[in-house]
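The values are calculated or read from the model by the stated rules, or taken from the named source; none is laboratory data. What you see is a predicted model; the values in this text were computed from it and never measured. Neighbour counts are summed over all protein chains in view; Cβ atoms, including those assigned to glycine, are modelled from backbone coordinates with ideal geometry. Keep in mind that these areas ignore ligands, DNA and RNA; they rest on the heavy atoms of the full protein, side chains included. Shrake-Rupley method; radii C 1.70, N 1.55, O 1.52, S 1.80 Å.
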Amino acid sequence: MKPLKEKLLIKDATINKIQFDTEWFFKLDDMAFFLKEDLSEVEFVYLPMLIDGETEIVKCSSFEDIIRGRKEFDQ
């Protein structure tokens, strides 16, 4: 399992993300591709995100939700 650091994910241009207040939310499909893991157990919300110049409603998760979901999947 790849170790994750939120600051590096925020800087990564291959992962679509959006910030609400002080919390970052990452597009779940991008994270699954990046990690090469099944993230179906990760809690998510639908958020509007600007992707390639168009606004799309996508599944997003916070960094903490991704970490928690990965641990649950491992057990």
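The table for this structure:
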quantity	calculated
S40 versus I10: modelled label distance in nm, points set 7 Å from Cα along the beta carbon direction	3.3 nm
Solvent-accessible area, 1.4 Å probe, carbon plus sulfur percent, for the chain	53 percent
Surface/4 estimate of mean projected area, convex hull on alpha-carbon atoms of the chain, nm²	4.9 nm²
Mean separation of Cα contacts under 8 Å (6+ apart) over length of the chain, as relative contact order %	28 percent
Trypsin sites (Lys or Arg not before Pro) restricted to DSSP loop in the stretch 6-45 with at most 16 other C-beta within 10 Å	K36
Acute angle (nearest 10 degrees) that the helix 63-74 long axis makes with the longest principal axis of the chain, alpha-carbon atoms	30 degrees
